Amino acid sequence: MGLSILYLVSIRYPSHSPIHLIGYSDSDFAGCKLDRKSTSGTCHLLGSSLIYWHSKKQACVALSTAEDEYIPAGSCCAQILWLKQQLEDFGLKISKVPLLCDNTSAINLTKNQIQHSGTKHIEIRHRFISDHVNNGDCEMKFIESRLQLAYIFTKPLPKDRFFFLINELGIFYSQTLS
């Protein structure tokens, strides 16, 4: 019998963390080498605590990086709306939740309601994010790719980048021999 390595993983939930909600959204444009479908990833933090994450291969091939990033941003917005409602049930009212995305074209689509010929291929069901930005439910903001926490859910990463992101997400691990 050989030794095996066991990883113990935990998530930090500090009691002194401020109450604010933030969403991160990312995608890897045509990342699958076989079918060129992308992987979308989102995560949400309440204060400095990770409370929700999601990673999924998209159902269809995106035709542009704007579409590729806009699809998970819509999913992230839907989750923000649900989390806001849950927090309201506990008496916490939060408006203009930051939704951080590293694609300026996707962000600009939420600010400009005029449908351009180059964006008509984006499905209508993903347009609802513009309505919620205009209603003040969430606010699309740019974040540099190096600080994009949802990056970990969409791409294979070098070791140092992986450990930087799990630290930023408040995830701790240790390994033991068994």
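A few points about this structure:
- Here the residues Lys111, Lys33, ranked from fewest to most Cβ neighbours within 10 Å of their Cβ, fall in the order Lys33, Lys111.
- Low-density loop positions, chymotrypsin sites (Phe, Trp or Tyr not before Pro), segment 61-107 - DSSP coil, at most 14 other Cβ in 10 Å: Phe90
- Using θ = phi - 60° and Karplus 6.51 cos²θ - 1.76 cosθ + 1.60, couplings along segment 154-167 (whole Hz; Gly, Pro as x): 10, 9, x, 10, x, 3, 5, 5, 4, 5, 4, 5, 5, 5
- Contact order for segment 5-177, expressed relative to its length and based on alpha carbon pairs under 8 Å spaced 6+ residues apart, stands at 31 percent.
- Restricting segment 42-110 to trypsin sites (Lys or Arg not before Pro) that sit in a DSSP loop and have at most 16 other Cβ atoms within 10 Å of their own Cβ leaves Lys93, Lys96.
- Geometric descriptor of the chain, per residue, is 146 Å³ (volume of the convex hull of the Cα atoms).
- Working from label points 7 Å from Cα in the Cα-to-Cβ sense, the Arg161 to Glu88 distance is 3.8 nm.
- Inter-part distance where segment 129-151 and segment 62-114 are each reduced to a Cα centre, Å: 5
- Sorted by Cβ density within 10 Å, fewest first, the residues Glu67, Glu88: Glu88, Glu67
- Taking GluC sites (Glu not before Pro) across segment 137-178, the ones in a DSSP loop with at most 16 further Cβ atoms lying within 10 angstrom of their Cβ are Glu144.
- Within segment 5-177, DSSP assigns beta bridges of which about 75% are antiparallel (rounded to the nearest 5).
- Going from the residue with the fewest nearby Cβ atoms within 10 Å to the one with the most, His20, His44, His132 rank His20, His132, His44.
- Positive end of the dipole of segment 5-177 (Cβ unit charges, origin at the Cα centre): among Ile143, Leu157, Leu21, the Cα lying farthest that way belongs to Leu157.
- When the chain is treated as a GNM with alpha-carbon contacts under 10 Å, the residue of Cys60, Cys101, Cys77 showing the greatest mean-square fluctuation is Cys60.
- For Val97, residues with placed amide H under 5 Å, excluding near neighbours: Cys138, Glu139
- Estimated [θ] at 222 nm from DSSP helical runs (n ≥ 4, -39500 (n - 2.57)) normalised by residues in the chain, nearest 500: -9000 deg cm²/dmol
Quick note: the coordinates plus some simple rules give every number you see, no bench work behind them. These figures come from a predicted structure and were not determined experimentally. Using ideal geometry, Cβ is built from the backbone for each residue, glycine included, and neighbour counts are taken over all protein chains shown.
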